[in-house]
1. Looking at this structure, is residue 110 among the aromatic types (Phe, Trp, Tyr), over 28 Å from residue 16 (Cβ atoms) and in a helix (DSSP H, G or I)?
2. Taking the conditions exactly as written (more than 22 Å from residue 156 (Cβ to Cβ) and either part of a helix (DSSP H, G or I) or of a type in the set (Ser, Thr, Tyr) (or both)), does residue 48 satisfy them or not?
3. If the requirement is being in contact with a helix residue (DSSP H, G or I) (Cβ under 6 Å, 6 or more places away or on another chain) and closer than 20 Å to residue 151 by Cα, which of these qualifies: 54, 67, 25?
4. For residue 77, state whether it is at pLDDT 90 or above, farther than 19 Å from residue 139 by Cβ and not small (Gly, Ala, Ser).
5. Name the residue, out of 38, 12, 87, that is surrounded by fewer than 13 Cβ atoms within 10 Å (Cβ to Cβ) and among the hydroxyl-bearing types (Ser, Thr, Tyr).
6. Suppose we keep only residues that are among the charged types (D, E, K, R) and not in a loop (DSSP other than H, G, I, E, B) within the range 52-82. Which one would you say is farthest from residue 158 (Cα to Cα)?
Amino acid sequence: MRALALFTRLISSLSRLGVGLAFSLLIVVVTIQIVTRSFGFHSPVWTEEASRYLLLYMTAFGVGLSLLTGEFVNVDLLQESLSERTSWWMRLFANILTAVMGAVMVLPAWRFTAIGAMQRSPSLRWSMDYIHASVLVLAILLFLFAMTRVIGMLAGLDDGRPRPTEEN
């Protein structure tokens, strides 16, 4: 099960890198917008479009991390009022459903990405498959993070409770 911990650390690190890169680029794009508008210039049209795409990728890379840290929508109040055994089963069931949802999303996300190859973004003129791929990344990462949680719970390595960022 050491491999599971290593795999979880690897996808967590790659996801953090993806979120950090997208957020850094978003800061640059928004700074360009603010500076140009502050000094009376017209903001480049592409900055609005780039901001939207960067937000999509921030969400895609951050979804799995939020599952681990408990920043996902959760029913803590209900779980905490029940016995430990019952709340463990609820967390396991929720993670299984989340993994299934992620897995079910992969094929439609792949098709959505493929459709983007026939389209171009309005101002940046990028092939939209690069943009649509954010949905595919989200689905795959959601599945992987949820499955690592399920496997960890079944192996007795994880109780399914959210963990602070430092432990991931």
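The values are calculated or read from the model by the stated rules, or taken from the named source; none is laboratory data. Computed from a prediction, not measured in an experiment: that's the story for all the values here. Neighbour counts run over all protein chains shown; Cβ positions are idealised from the backbone, glycine included.
1. no
2. So residue 48 passes the test.
3. 67
4. No: the conditions fail for residue 77.
5. Sole residue among the options that is surrounded by fewer than 13 Cβ atoms within 10 Å (Cβ to Cβ) and among the hydroxyl-bearing types (Ser, Thr, Tyr): 38.
6. Within the range 52-82, the subset among the charged types (D, E, K, R) is 52, 71, 76, 80.
Remaining after also requiring not in a loop (DSSP other than H, G, I, E, B): 52, 76, 80.
Working: 52: 36, 76: 17, 80: 17 Å.
So the residue we want is 52.
Matching residues to (1) assigned to a helix (DSSP H, G or I); (2) among the hydrophobic types (A, V, I, L, M, F, W, C); (3) touching a Cys at 6+ places or on another chain (Cβ under 7 Å); (4) without any contact (Cβ under 8 Å) to a residue 24 or more places away in the chain:
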{"site": "98", "(1), (2), (3), (4)": "yes, no, no, no"}
{"site": "105", "(1), (2), (3), (4)": "yes, yes, no, no"}
{"site": "123", "(1), (2), (3), (4)": "no, no, no, no"}
{"site": "131", "(1), (2), (3), (4)": "yes, yes, no, no"}
{"site": "134", "(1), (2), (3), (4)": "yes, no, no, no"}
{"site": "141", "(1), (2), (3), (4)": "yes, yes, no, no"}
{"site": "145", "(1), (2), (3), (4)": "yes, yes, no, no"}
{"site": "158", "(1), (2), (3), (4)": "no, no, no, yes"}
